[in-house]
Amino acid sequence: MERLSTGHGSGGRLTSELVSDIISSFGVSGLEQEDCAIPEKGLAVTIDGYTITPRVFPGGDIGKLAVCGSVNDLAVRGAEPRYLAMSLVAEEGLAKDELLSYMRSAGSVCAELSIELISGDTKIVPRGQVDGLFITTCALGKPLPERNIGADRLEAGDTLIVTTSIGRHGAAVAAARYNLSAGSLKSDCTPLWPLVKDILDIPGLHCMRDCTRGGMGTVLCEWAETASLGILFDENMVPIDPEVRSVCDILGFDPLYLACEGCAVIAVSPDDADETIHRLKKHDLARDATCIGRLTAENSGYVGMRTEAGGIRLVDMPVGEILPRIC
């Protein structure tokens, strides 16, 4: 009997297989495997659970993360976040003031984006049955009329743009967990809607995805397989902060697969790439926005990275868990 491992929650290959098995249990076929669904005109919905440790990390905490993570899934489908439902499972003995500090963080993000909390549930379980606090959020949004942004719109020749340096959330959490000195490194945990709403009217905008579990590398692999296209990007063009590289060097991580919580990959027609970059760079969130590569008709389903040495490295989804409990 196969048993679940932490790798099944990594966002990589095992996660993809598990999700497919779960979906098939409902007798559903042809379901979009996007992080946000648009079940009917005028409605976008997403749901996610958060189990991060430590619950407070440089740049945020579990409350801020729970709201940002869900509303970002809406934003990259072109949907304005409007409503939030939240479920809490807390462990007996958790300090009430600590719990409320996370709720204030969550409430601050909601206030910033004019999101209304509309429903919720709270459970307290006996000591030892939950590691402090688990949060589940369901976010509802309003998609832009007549825009279909998703992996089914990817085209050969599309330019790939990354909005900011990658891996900062995973690296910041790892540094905090293992008591590493990482200078000014902070998680990029932040809402993406103020950034992406300014590019939604660009005609050649085809697809966006926030690089959470599994990082940018996993997103690109999912796109290549979903669209049956190849992807080629340049290692030298991917922005990575020195502090992230240092943490990766110490712990043996690959920054391509480290989680981000305020970074998106965007696929846009080459004619609109310069305008997209121009608009993104108006925001502090996207000061490092850059073109990193393109989609190709060759090598369907595969992702290649042109290395500094001039060769091509095959990029695949991670199979195991690199760093559990990061979101």
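The values are calculated or read from the model by the stated rules, or taken from the named source; none is laboratory data. What you see is a predicted model; the values in this text were computed from it and never measured. As a convention, Cβ positions derive from the backbone with ideal geometry for all residues, glycine included, and neighbour counts pool all protein chains shown.
Please work out if H206 is closer than 26 Å to E80 by Cα and in a strand (DSSP E or B). Give the steps one after another, and end with the answer.
Values: closer than 26 Å to E80 by Cα: yes; in a strand (DSSP E or B): yes.
In short, yes.
Considering only region 163-203, state which residues are more than 13 Å from C68 (Cβ to Cβ), among the β-branched types (V, I, T) and assigned to a loop (DSSP other than H, G, I, E, B).
The answer is T163, T164, I166, I202.
Taking the conditions exactly as written (closer than 27 Å to Y178 by Cβ, more than 21 Å from the chain's Cα centre (by Cα) and without any contact (Cβ under 8 Å) to a residue 12 or more places away in the chain), does D274 satisfy them or not?
It is false that D274 is closer than 27 Å to Y178 by Cβ, more than 21 Å from the chain's Cα centre (by Cα) and without any contact (Cβ under 8 Å) to a residue 12 or more places away in the chain.
Per-residue answers, yes or no, for (1) within 21 Å of the chain's Cα centre (by Cα); (2) at pLDDT 95 or above; (3) in the same structural domain as S269 (by TED's automatic domain parsing):
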position: V130; (1), (2), (3): no, no, no
position: A139; (1), (2), (3): yes, yes, no
position: T159; (1), (2), (3): yes, yes, yes
position: T163; (1), (2), (3): yes, yes, yes
position: I166; (1), (2), (3): yes, yes, yes
position: A171; (1), (2), (3): yes, yes, yes
position: A182; (1), (2), (3): no, no, yes
position: K197; (1), (2), (3): yes, yes, yes
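Being within 21 Å of the chain's Cα centre (by Cα), at pLDDT 85 or above and within 17 Å of G132 (Cβ to Cβ), is that true of even one residue in region 70-91? Write out each step before concluding.
Step one: list which residues in region 70-91 are within 21 Å of the chain's Cα centre (by Cα), which gives 70-87.
Narrowing further to those that are at pLDDT 85 or above: 70-87.
Filter once more, keeping what is within 17 Å of G132 (Cβ to Cβ): 86-87.
Within region 70-91, one or more residues are within 21 Å of the chain's Cα centre (by Cα), at pLDDT 85 or above and within 17 Å of G132 (Cβ to Cβ).
So which of G141, G150 ends up being touching a residue at least 40 places away in the same chain (Cβ under 8 Å) and surrounded by fewer than 23 Cβ atoms within 10 Å (Cβ to Cβ)?
Every option except G150 fails the conditions.
Confirm whether E116 is modelled with pLDDT of 95 or more and surrounded by fewer than 23 Cβ atoms within 10 Å (Cβ to Cβ).
Working: modelled with pLDDT of 95 or more: yes; surrounded by fewer than 23 Cβ atoms within 10 Å (Cβ to Cβ): yes.
Yes: the conditions hold for E116.
Are any residues in region 34-74 small (G, A, S) and closer than 16 Å to D188 by Cα, and if so, which ones?
G59, G60, G63, A66, G69, S70 - these are the residues of region 34-74 that are small (G, A, S) and closer than 16 Å to D188 by Cα.
Do we find that G215 is at pLDDT 95 or above, of a type outside the set (S, T, Y) and at positive phi in this structure? Quick ask: steps written out before the conclusion?
Numbers: at pLDDT 95 or above: yes; of a type outside the set (S, T, Y): yes; at positive phi: yes.
Yes, satisfied.
When you check D61 against the structure, is it buried (at least 18 other Cβ atoms within 10 Å of the Cβ), out of contact with any strand residue (DSSP E or B) (no Cβ under 9 Å at 6 or more places or on another chain) and modelled with pLDDT of 90 or more, yes or no?
Here the answer is yes, as D61 does meet what is asked.
Please note which strands (runs of 3 or more DSSP E) are completely contained in region 228-327 and include at least 2 residues that are surrounded by fewer than 23 Cβ atoms within 10 Å (Cβ to Cβ).
By residue number, 230-234, 290-296, 303-306, 312-315.
Which of the residues belonging to region 288-326 are out of contact with any strand residue (DSSP E or B) (no Cβ under 6 Å at 6 or more places or on another chain), among the hydrophobic types (A, V, I, L, M, F, W, C) and under 18 Å from G170 (Cβ atoms)?
Of everything in region 288-326, those that are out of contact with any strand residue (DSSP E or B) (no Cβ under 6 Å at 6 or more places or on another chain), among the hydrophobic types (A, V, I, L, M, F, W, C) and under 18 Å from G170 (Cβ atoms) turn out to be M317, V319, I322, L323, I326.
Is there a residue being basic (K, R), touching a strand residue (DSSP E or B) at 6+ places or on another chain (Cβ under 6 Å) and surrounded by fewer than 21 Cβ atoms within 10 Å (Cβ to Cβ) anywhere in region 88-98? Break it down stepwise before answering.
The initial filter retains those residues of region 88-98 that are basic (K, R), namely 96.
Subset that is touching a strand residue (DSSP E or B) at 6+ places or on another chain (Cβ under 6 Å): none.
Looking through region 88-98, none of the residues is basic (K, R), touching a strand residue (DSSP E or B) at 6+ places or on another chain (Cβ under 6 Å) and surrounded by fewer than 21 Cβ atoms within 10 Å (Cβ to Cβ).
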